[in-house]
1. Residues in segment 55-63: is at least one modelled with pLDDT of 55 or more, crowded, with 16+ Cβ neighbours inside 10 Å and of a type in the set (S, T, N, Q)?
2. Could you check segment 109-137 and list, in sequence order, the residues that are in a strand (DSSP E or B) and among the β-branched types (Val, Ile, Thr)?
3. Somewhere in segment 38-47, is a residue in a strand (DSSP E or B), closer than 19 Å to residue 113 by Cβ and modelled with pLDDT of 95 or more?
4. Among the residues of segment 76-88, which ones are touching a Ser or Thr at 6+ places or on another chain (Cβ under 7 Å) and not in a loop (DSSP other than H, G, I, E, B)?
5. Out of the residues in segment 84-116 that are small (Gly, Ala, Ser) and under 14 Å from residue 70 (Cα atoms), state the one that is surrounded by the most Cβ atoms within 10 Å (Cβ to Cβ).
6. Output the residues belonging to segment 71-83 that are surrounded by fewer than 19 Cβ atoms within 10 Å (Cβ to Cβ) and within 13 Å of the chain's Cα centre (by Cα).
7. Taking residue 96 as the residue in question, decide whether it is in contact with a helix residue (DSSP H, G or I) (Cβ under 9 Å, 6 or more places away or on another chain) and hydrophobic (A, V, I, L, M, F, W, C).
Amino acid sequence: MTKRLYIFLAIAFTLLAVGPLAGVSNQQPRRARVTPQTVETPASGNVVNVIESEFNVTLQPAQPSAGEITFVVKNQGHIPHDFRIRGNGIDQRTPMIMPQQSANMTLQLKPGTYEFECTVEGHDMAGMRGMVIVQASSG
């Protein structure tokens with residue numbers, strides 16, 4: 001790895017360790033039902049595949065149907081990331097996901113627009129954020 005990447009990783013890990021002690025975040029969103037290890041994609045149901053890397057997040061499909069949705073979050077990057085979704089009374093996030101690991105988060109979502117982001121300091125501003133539109137269920 002390059003010297004810059006080592007420095008970035010050192011700063012990132014320091015912020016993760018010291019941030020809560022410094023009172024950076026005095027309110028954590030409630031945690032959803034999660035599985036913080038390498039996981040298999042559910043065989044059926046309403047699934048959104050979330051791919052995270054430095055510093056990008058993609059969702060497929062980008063407009064899921066309302067109801068119970070399982071977000072399968074895969075960290076394909078080289079540093080830890082998490083995935084937070086909020087809106088319409090929802091504020092949930094995964095635990096920190098280590099590089100090349102995954103976590104599932106299952107939520108009951110109504111039709112509407114929700115914001116998503118990686119909550120690691122600075123990652124949202126670097127591009128790890130966006131909107132997902134949950135469509136009304138057909139039938």
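1. Within segment 55-63 (the criterion being modelled with pLDDT of 55 or more, crowded, with 16+ Cβ neighbours inside 10 Å and of a type in the set (S, T, N, Q)), the answer is no, since none of the residues qualifies.
2. 113, 132, 133, 134
3. No, segment 38-47 contains no residue that is in a strand (DSSP E or B), closer than 19 Å to residue 113 by Cβ and modelled with pLDDT of 95 or more.
4. Result: 84, 87.
5. Step one: of segment 84-116, the residues small (Gly, Ala, Ser) are 87, 89, 102-103, 112.
Checking the rest, the ones that are also under 14 Å from residue 70 (Cα atoms) come to 102-103.
Values: 102: 23, 103: 25.
For segment 84-116, the residue satisfying everything is 103.
6. 76
7. Working: in contact with a helix residue (DSSP H, G or I) (Cβ under 9 Å, 6 or more places away or on another chain): yes; hydrophobic (A, V, I, L, M, F, W, C): yes.
Against the criterion (in contact with a helix residue (DSSP H, G or I) (Cβ under 9 Å, 6 or more places away or on another chain) and hydrophobic (A, V, I, L, M, F, W, C)), residue 96 qualifies.
The values are calculated or read from the model by the stated rules, or taken from the named source; none is laboratory data. Values in this document were obtained by computation on a predicted structure and should not be read as measured data. Because the Cβ atoms are built from the backbone with ideal geometry, glycine has one as well, and the counts that use them run over all protein chains shown.
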